Amino acid sequence: MTKKKELNQSVRHIVTRITRVHFLYIAAYMLSIIVFDSWNLITHEAVLQRWTAAGALLIVNTVVWYLCRAKLQNENIYKVLLAVLLICDILFAAVNVYWQRGMASKSVMLFVVPVISAGLTKSRSLLLATTTISAAAYSIAAVRYFYENYGQGFRVELYGEVFFYSALLFVIAGFMMIHFRRAPE
């Protein structure tokens, strides 16, 4: 393998690329807040909560991006930075699900971001761990909202949604693992 190929496949380069896409992800999220607020579709409190969460994710992403650009000697640092970013992504998705009415939330899609980010490393254990934590965080957010605001749905609907979306995250992870296998040449 040439040195250039090794360089492009290093953890540092993968994490750097992930952070670049995260800048677009966060910008799109913030733009959606501006649009929803300008049409009075969300309350001022919701704007404040979402903007604060997006700002916090932007800060973490920027620090991770900067440290990746610094070309540190130890490759393990980049693995830790990626883990920090993935955990922040999962927390960001979970609070959005909670804020947007739990099982009725459209923010379940946000859990795909950390799952795909973990999959880009081609590490099965990282991908499965991220998917498991994402499914757990989703179920906690949905169940917690349901029981704190009891009467907004049926329990069978709650557990059906939690099972379906958690299973779907594992299906996405499974598709990503297919890509890990080398194709016959």
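The values are calculated or read from the model by the stated rules, or taken from the named source; none is laboratory data. From a predicted model like this one, the values you see are computed outputs, not experimental measurements. Here the Cβ is made from the backbone with ideal geometry for all residues, glycine too, and neighbour counts use every protein chain on show.
Residues that are surrounded by 14 or more Cβ atoms within 10 Å (Cβ to Cβ) and in a helix (DSSP H, G or I) within segment 33-55 comprise Ile33, Phe36, Asp37, Ala46, Val47, Gln49, Arg50, Trp51, Ala53, Ala54, listed in sequence order. One residue stands out among those in segment 98-109 that are touching a residue at least 12 places away in the same chain (Cβ under 8 Å) and among the hydrophobic types (A, V, I, L, M, F, W, C): the one that is farthest from Tyr165 (Cα to Cα), which is Trp99.
Quick check: is even one residue across segment 94-112 under 30 Å from Val35 (Cβ atoms), assigned to a loop (DSSP other than H, G, I, E, B), polar (S, T, N, Q) and over 16 Å from the mean Cα position of the chain (by Cα)? Yes, segment 94-112 contains at least one residue that is under 30 Å from Val35 (Cβ atoms), assigned to a loop (DSSP other than H, G, I, E, B), polar (S, T, N, Q) and over 16 Å from the mean Cα position of the chain (by Cα).
Scanning segment 75-97 for any residue that is among the β-branched types (Val, Ile, Thr), farther than 28 Å from Phe175 by Cβ and free of Cβ contacts under 8 Å to residues at least 12 places away in the same chain turns up at least one such residue. Checked across segment 114-132, the condition of being of a type in the set (Ser, Thr, Tyr) and touching a residue at least 60 places away in the same chain (Cβ under 8 Å) holds for at least one residue. Based on what the data block shows, is Leu72 in contact with a Pro (Cβ under 8 Å, 6 or more places away or on another chain) and either in a helix (DSSP H, G or I) or surrounded by fewer than 20 Cβ atoms within 10 Å (Cβ to Cβ) (or both)? Spelling it out, it is not the case that Leu72 is in contact with a Pro (Cβ under 8 Å, 6 or more places away or on another chain) and either in a helix (DSSP H, G or I) or surrounded by fewer than 20 Cβ atoms within 10 Å (Cβ to Cβ) (or both). Inside segment 122-136, residues that are crowded, with 21+ Cβ neighbours inside 10 Å and either touching a Phe, Trp or Tyr at 6+ places or on another chain (Cβ under 9 Å) or not in a helix (DSSP H, G or I) (or both) make up a count of 4. Would you be able to tell me the number of residues in segment 164-179 that are in contact (Cβ under 8 Å) with a residue 60 or more places away in the chain and closer than 15 Å to Val108 by Cβ? Adding up the residues that qualify gives 1. Being more than 23 Å from Thr132 (Cβ to Cβ) and surrounded by 15 or more Cβ atoms within 10 Å (Cβ to Cβ), is that true of even one residue in segment 78-88? For segment 78-88, residues more than 23 Å from Thr132 (Cβ to Cβ) and surrounded by 15 or more Cβ atoms within 10 Å (Cβ to Cβ): absent.
The set of residues in segment 137-151 that are in contact (Cβ under 8 Å) with a residue 24 or more places away in the chain and either part of a helix (DSSP H, G or I) or among the basic types (Lys, Arg) (or both) comprises Ala137, Tyr138, Ser139, Ile140, Ala141, Ala142, Val143, Arg144, Tyr145, Phe146. Here is a check on your reading of the model: is Gln73 farther than 13 Å from Thr19 by Cα and either at pLDDT 95 or above or in contact with a strand residue (DSSP E or B) (Cβ under 9 Å, 6 or more places away or on another chain) (or both)? No, not satisfied. Taking the condition surrounded by 12 or more Cβ atoms within 10 Å (Cβ to Cβ), closer than 11 Å to Val97 by Cβ, out of contact with any Pro (no Cβ under 9 Å at 6 or more places or on another chain) and without any contact (Cβ under 8 Å) to a residue 60 or more places away in the chain, does Glu161 pass? Judged against the criteria, Glu161 is a match.
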